[in-house]
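Taken together, the values in this text are just the output of simple stated rules run on the coordinates, not laboratory data. On a predicted model such as this, the values are computed, not experimentally measured, just so you know. Cβ atoms come from the backbone with ideal geometry, glycine included; neighbour counts cover every protein chain shown.
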Amino acid sequence: MSPRRALLLACACAALLCGRAQAQGTAAPPPAAAEEFRVTLLGTGSPAPVMRRFGPGVLVEAGGRKLLIDCGRGTTQRLLQAGLRLGQVDALFLTHLHSDHVVGIPDLWLTGWLEASYAQRKGPLRVHGPQGTRALMQGLTQAYQWDIQARIADQNLSADSVRAEVSEFKTGVVYDQGGVKVTAFEVDHGDLLKPAVGFRVDYGGRSVTVSGDTRFSENLIRHAAGTDLLVHQVAAVREELLKNPVFQVILAHHTSPEEAGTVFSRVKPRQAVFYHFVLLGAPGVPPVTEQDVLQQARRHYDGPLLIGEDLMAFRLEREGVVPLAGRGS
Ligand SMILES: [Zn+2]
Ligand SMILES: [Zn+2]
């Protein structure tokens with residue numbers, strides 16, 4: 001064997017061993033039972049391309065259905081870590097069309113179409129989103145025509161399963177199957193950022209409400225009334241950056257920790273959890289920490305509240321919301 005070939009072989013073996021060690025380190029969770037109502041935070045980050053917090057995505061498993069709310073960067077990796085095949089997602093729901101919430105769609109859609117064991121979607125990708133979703137999926141279909149045609153011709157993949165079946169909604173009940181009801185309600189992401197919605201998923205007398213992107217929203221408080229788990233976004237900067245006009249625009253579109261505390265104290269969920277952390281910094285001025293966010297929210301709320309992490313999961317039981325251990329990210 002040539003030295004070069006030997007080296008390549010050694011590298012390949014090392015990569016394989018590393019991969020196996022990594023797979024062993026990430027405990028595969030037992031799949032959610034059919035009657036289980038489980039919510040997993042797949043991505044809790046912002047547009048910032050960091051490893052610890054991927055783009056926004058929330059997996060809701062209820063009544064044997066697997067529903068995905070938003071599809072930010074890294075959603076496919078997190079789905080796999082959560083023990084799902086990409087093809088197992090029954091429907092995707094979009095809160096709004098900002099890129100950080102939809103940039104993972106081509107990956108979920110096209111990688112999920114493959115025959116590999118991690119993919120295997122049978123049938124079209126079902127996408128429920130606000131106005132503009134159909135144009136987005138049509139545009140993506142056009143952009144990826146080469147790949148779509150090549151794989152149909154070359155790998156004999158199903159043309160039907162690469163379709164995107166889009167239903168656009170305004171607000172109200174947007175999904176009602178097998179006892180699982182998804183309601184979209186308007187939130188307030190800013191005057192130029194419409195439409196933007198949050199979702200409430202009800203199943204078996206329990207519910208989760210996901211804020212999507214919003215500034216303080218009375219309508220969210222109304223629709224989240226009586227919810228068990230409230231998943232809410234948050235944005236903050238240190239005081240010295242408040243005069244920065246770029247940050248002012250971003251902050252004007254999101255909810256501050258204090259405001260979120262007020263939302264929680266009025267909704268009184270059994271469990272509140274922050275996700276989609278937009279924590280802004282600048283050279284010499286580090287972002288506020290998650291602990292700062294928690295403390296600021298605590299000025300207005302003393303109920304159950306957690307700092308969300310990627311792969312943090314919750315089981316919604318009649319008796320209460322049970323936080324499951326994070327599944328290792
Ligand atoms: Zn947004
Ligand atoms: Zn966002």
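Does D202 count as acidic (D, E) and touching a residue at least 12 places away in the same chain (Cβ under 8 Å)? Spell out how you get there, then give the answer.
Numbers: acidic (D, E): yes; touching a residue at least 12 places away in the same chain (Cβ under 8 Å): yes.
Yes; evaluated as a whole, the condition is true for this residue.
So which residues in segment 94-115 are touching a Gly at 6+ places or on another chain (Cβ under 7 Å), among the hydrophobic types (A, V, I, L, M, F, W, C) and within 17 Å of F199 (Cα to Cα)?
Filtering segment 94-115 down to residues touching a Gly at 6+ places or on another chain (Cβ under 7 Å) leaves 94-97, 100-101, 103-104, 112.
Filter once more, so that each one left must be among the hydrophobic types (A, V, I, L, M, F, W, C): 94, 97, 103.
Matches in segment 94-115: L94, L97.
For segment 254-278, taking the residues that are surrounded by fewer than 21 Cβ atoms within 10 Å (Cβ to Cβ) and on the phi < 0 side of the Ramachandran plot, the one that is farthest from ligand 1 (Cβ to nearest atom) is identified as R270.
May I ask you to list the residues in segment 159-197 that are over 30 Å from T209 (Cβ atoms) and either within 16 Å of ligand 2 (Cβ to nearest atom) or touching a residue at least 12 places away in the same chain (Cβ under 8 Å) (or both)?
Quick first cut of segment 159-197, residues over 30 Å from T209 (Cβ atoms) only: 159-163.
Residues satisfying the conditions are D160, S161, V162, R163.
Could you tell me whether Q149 is without any contact (Cβ under 8 Å) to a residue 24 or more places away in the chain, more than 16 Å from ligand 1 (Cβ to nearest atom), closer than 20 Å to S99 by Cα and over 22 Å from the mean Cα position of the chain (by Cα)? Even if it seems obvious, please write down each step before you answer.
On the way: without any contact (Cβ under 8 Å) to a residue 24 or more places away in the chain: yes; more than 16 Å from ligand 1 (Cβ to nearest atom): yes; closer than 20 Å to S99 by Cα: no; over 22 Å from the mean Cα position of the chain (by Cα): yes.
So Q149 fails the test.
Only residues that are touching a helix residue (DSSP H, G or I) at 6+ places or on another chain (Cβ under 9 Å), under 16 Å from H128 (Cα atoms) and within 16 Å of ligand 1 (Cβ to nearest atom) were counted in segment 70-102, giving 8.
Only strands (runs of 3 or more DSSP E) whose full extent lies in segment 177-251 are considered here, and the ones with at least 2 residues that are closer than 22 Å to R126 by Cβ are 180-186, 197-203, 206-210. For segment 235-277, a residue qualifies if it is within 16 Å of ligand 2 (Cβ to nearest atom), polar (S, T, N, Q) and under 30 Å from R318 (Cα atoms), and exactly one does: T255.
Exactly one residue out of E240, E290 is acidic (D, E), free of Cβ contacts under 8 Å to residues at least 24 places away in the same chain and touching a strand residue (DSSP E or B) at 6+ places or on another chain (Cβ under 7 Å): that is E290.
Can you tell which of V208, V234, V187 is surrounded by 24 or more Cβ atoms within 10 Å (Cβ to Cβ) and away from ligand 1 (no atom under 16 Å from the Cβ)? First the steps, then the outcome.
Working: V234 fails: away from ligand 1 (no atom under 16 Å from the Cβ); V187 fails: away from ligand 1 (no atom under 16 Å from the Cβ).
Among V208, V234, V187, only V208 is surrounded by 24 or more Cβ atoms within 10 Å (Cβ to Cβ) and away from ligand 1 (no atom under 16 Å from the Cβ).
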